[in-house]
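The values are calculated or read from the model by the stated rules, or taken from the named source; none is laboratory data. Keep in mind the model is a prediction, meaning the values are calculated, not measured. Every residue, glycine among them, receives a Cβ derived from its backbone with ideal geometry; neighbour counts consider all protein chains shown.
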């Protein structure tokens, strides 16, 4: 290769410059600034910010304090949502993909579009549609139950129905995404594997557990991790549908973080909560990755 | 027999997925009284366009729906344009320009940044824009999306696999880097750029939490943030009007989604393959 001049290196750098500036301004600097803020008693509307060191973090970990309650309860509620939604998002997502693959190929793309369509609406539109579906008096679901003589259900204001509703809407909204990725993975499994297994007399279940599942393992992991992260960041559904209720039982961690910052005006402690939440998300992803790949090495 | 059962299951599931969307459209043509009556009629008894007419005129509660939808379209298009430009230039340099300083450091850093949870940057980014006095401006609604690394990642793979001979021939003919980028690589990557554009536009247009907090005045809201405000405020249970708003909000993105579905699917499977 010809040795490059400094002019050449400069012009090469100019191509990455716009993105690098944006990367720094809207990713790197905010991350560092967030850490800085979390070390201060940082009020939203005040100009002076007192340095408090690790105090915000210490308070979050001190039982009995307001922040401890906000963080642990929010975290518990978020974890519940993750536990309810992620297994269904993964298993039913795979189920839908397998169902589609079993359909005649002419109908496949039509039904794929049907199942994937809800993914195209925004979080707020999705929530408002379901607000109406779940309405205790005029809602579609209670109307349907009425027809078959079942008492109306307080979908959004009773437990466990509030969780059922949040999980159901999330499935409806996002499962198409997982389905699409699963379809792609299923299509990459070589057809000969199945043929060979058929010759050996393997039944459908045996083919599924010994060929399909091992073959799509990396994609499965990708979906488990992305679904977990997405469910961890849940906000719109409880914010608009249950409004955190009944009581505070569906108030998820992100709601508490943003309320601490924007309603409580305490950006310092809110940032500490946000950083801890991000650390938890990263740890969970890393653990899932380790469990899936650790044994091989 | 088995085929028939699968077919029935597929149709039932399709009904489940489509029903809320059909119900949304149906309710948008009902007056609020009928919408609240709790009947299960998909065809309105007294079909009306009032929800759309009044909504679009902004007569009700002084809610500027047309302004919101314009904001959303503008923010989505401007954000997409910036992402396409920045990502393609960066991906070109990273994939094709061997003498780019720090090349080996930057690419893993960008790809790794996709794993960073959004909650980590949300509050400090708000404070950053606040300090600049940019909250409630289009800058706040557009610029943050330009730091996403997905476009760089997607285009890098494409550019890296582009045959070297064509580029070298152009270089011998005296083409400079900008000409190679703009006259050779870009025209050859229209399809992947469309894929990225659809993916990016849908993401920005549908984003909800950031525009909700980054705007403070009614006329700066995007349609997603605006609908959330209405659903929480005086429009609660005004389902006919709310659904007209959600139909209007969903139309542009649904058109993009259905027309560009093939591309969109390609973009997310590319991400999954990683």
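Picking from residues in region B:236-274 that are more than 9 Å from every other protein chain (Cβ to nearest Cβ) and outside any helix (DSSP H, G or I), the one that is modelled with the lowest pLDDT is B:238. Please verify whether region A:140-161 includes one or more residues that are farther than 22 Å from residue B:11 by Cβ, surrounded by 22 or more Cβ atoms within 10 Å (Cβ to Cβ) and either at the interface with another protein chain (Cβ under 10 Å from one of its Cβ atoms) or in contact (Cβ under 8 Å) with a residue 12 or more places away in the chain (or both). Yes, because at least one residue in region A:140-161 is farther than 22 Å from residue B:11 by Cβ, surrounded by 22 or more Cβ atoms within 10 Å (Cβ to Cβ) and either at the interface with another protein chain (Cβ under 10 Å from one of its Cβ atoms) or in contact (Cβ under 8 Å) with a residue 12 or more places away in the chain (or both). Against the test of being surrounded by fewer than 17 Cβ atoms within 10 Å (Cβ to Cβ), at pLDDT 90 or above, on the phi < 0 side of the Ramachandran plot and under 25 Å from the mean Cα position of the chain (by Cα), the options B:18, B:56, B:12 yield a single qualifying residue, B:18. Of all residues in region A:10-24, those being surrounded by 15 or more Cβ atoms within 10 Å (Cβ to Cβ) and modelled with pLDDT under 95 number 3. Among the residues making up region B:169-196, those that are more than 13 Å from every other protein chain (Cβ to nearest Cβ), surrounded by 13 or more Cβ atoms within 10 Å (Cβ to Cβ) and closer than 20 Å to residue B:260 by Cβ are B:188, B:189, B:192, B:193, B:194, B:195, B:196.
Restricted to region B:136-153, and to residues there that are at negative phi and surrounded by fewer than 19 Cβ atoms within 10 Å (Cβ to Cβ), the residue that is nearest to the other protein chains (Cβ to nearest Cβ) is B:139. Output yes when any residue across region A:47-62 is touching a helix residue (DSSP H, G or I) at 6+ places or on another chain (Cβ under 9 Å) and within 12 Å of chain B (Cβ to nearest Cβ), and no when none is. Yes, the conditions are met somewhere in region A:47-62.
Within region A:211-223, if we keep just the residues that are within 12 Å of another protein chain (Cβ to nearest Cβ) and part of a helix (DSSP H, G or I), the residue that is nearest to residue B:232 (Cα to Cα) turns out to be A:223.
If I filter region B:197-235 down to residues being more than 10 Å from every other protein chain (Cβ to nearest Cβ) and not in a helix (DSSP H, G or I), which single residue comes out as surrounded by the most Cβ atoms within 10 Å (Cβ to Cβ)? Ranking the qualifying residues of region B:197-235, first place goes to B:221. Residue B:33 satisfies every condition listed in (1) outside any helix (DSSP H, G or I); (2) more than 9 Å from every other protein chain (Cβ to nearest Cβ); (3) touching a helix residue (DSSP H, G or I) at 6+ places or on another chain (Cβ under 9 Å); (4) exposed (fewer than 13 other Cβ atoms within 10 Å of the Cβ) except (1).
Residue-by-condition table, conditions (1) within 14 Å of chain B (Cβ to nearest Cβ); (2) at pLDDT 95 or above; (3) farther than 30 Å from residue A:184 by Cα:
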residue: A:3; (1), (2), (3): yes, no, yes
residue: A:8; (1), (2), (3): yes, no, yes
residue: A:31; (1), (2), (3): yes, yes, yes
residue: A:81; (1), (2), (3): no, yes, no
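From the list A:225, A:211, the lone residue that is closer than 22 Å to residue A:85 by Cα and surrounded by 17 or more Cβ atoms within 10 Å (Cβ to Cβ) is A:225.
In region A:244-279, the residue that is surrounded by the most Cβ atoms within 10 Å (Cβ to Cβ) out of those that are out of contact with any strand residue (DSSP E or B) (no Cβ under 7 Å at 6 or more places or on another chain), more than 29 Å from residue A:157 (Cβ to Cβ) and more than 7 Å from chain B (Cβ to nearest Cβ) is A:272. Going through region B:100-124 one residue at a time, which ones are more than 8 Å from chain A (Cβ to nearest Cβ) and within 21 Å of the chain's Cα centre (by Cα)? Those that are more than 8 Å from chain A (Cβ to nearest Cβ) and within 21 Å of the chain's Cα centre (by Cα): B:111, B:114. Tell me yes or no: at least one residue of region A:206-223 is under 18 Å from residue A:166 (Cβ atoms) and touching a helix residue (DSSP H, G or I) at 6+ places or on another chain (Cβ under 9 Å). No - not one qualifying residue is present in region A:206-223. Taking the criterion of being part of a helix (DSSP H, G or I) and at pLDDT below 95, the residues of region B:130-146 that qualify are B:130, B:131, B:132.
Inspect all residues belonging to region B:81-99 and state whether any of them is within 12 Å of another protein chain (Cβ to nearest Cβ), touching a residue at least 40 places away in the same chain (Cβ under 8 Å) and farther than 23 Å from residue B:195 by Cα. Taking every residue of region B:81-99 in turn, at least one turns out to be within 12 Å of another protein chain (Cβ to nearest Cβ), touching a residue at least 40 places away in the same chain (Cβ under 8 Å) and farther than 23 Å from residue B:195 by Cα. Here residue B:166 meets the list (1) assigned to a helix (DSSP H, G or I); (2) surrounded by fewer than 20 Cβ atoms within 10 Å (Cβ to Cβ); (3) within 13 Å of another protein chain (Cβ to nearest Cβ) almost entirely, failing just condition (3). One residue stands out among those in region A:99-132 that are surrounded by fewer than 24 Cβ atoms within 10 Å (Cβ to Cβ) and not in a helix (DSSP H, G or I): the one that is nearest to the chain's Cα centre (by Cα), which is A:103. Here residue A:135 clears all of (1) crowded, with 18+ Cβ neighbours inside 10 Å; (2) in contact with a helix residue (DSSP H, G or I) (Cβ under 6 Å, 6 or more places away or on another chain) except the condition numbered (2).
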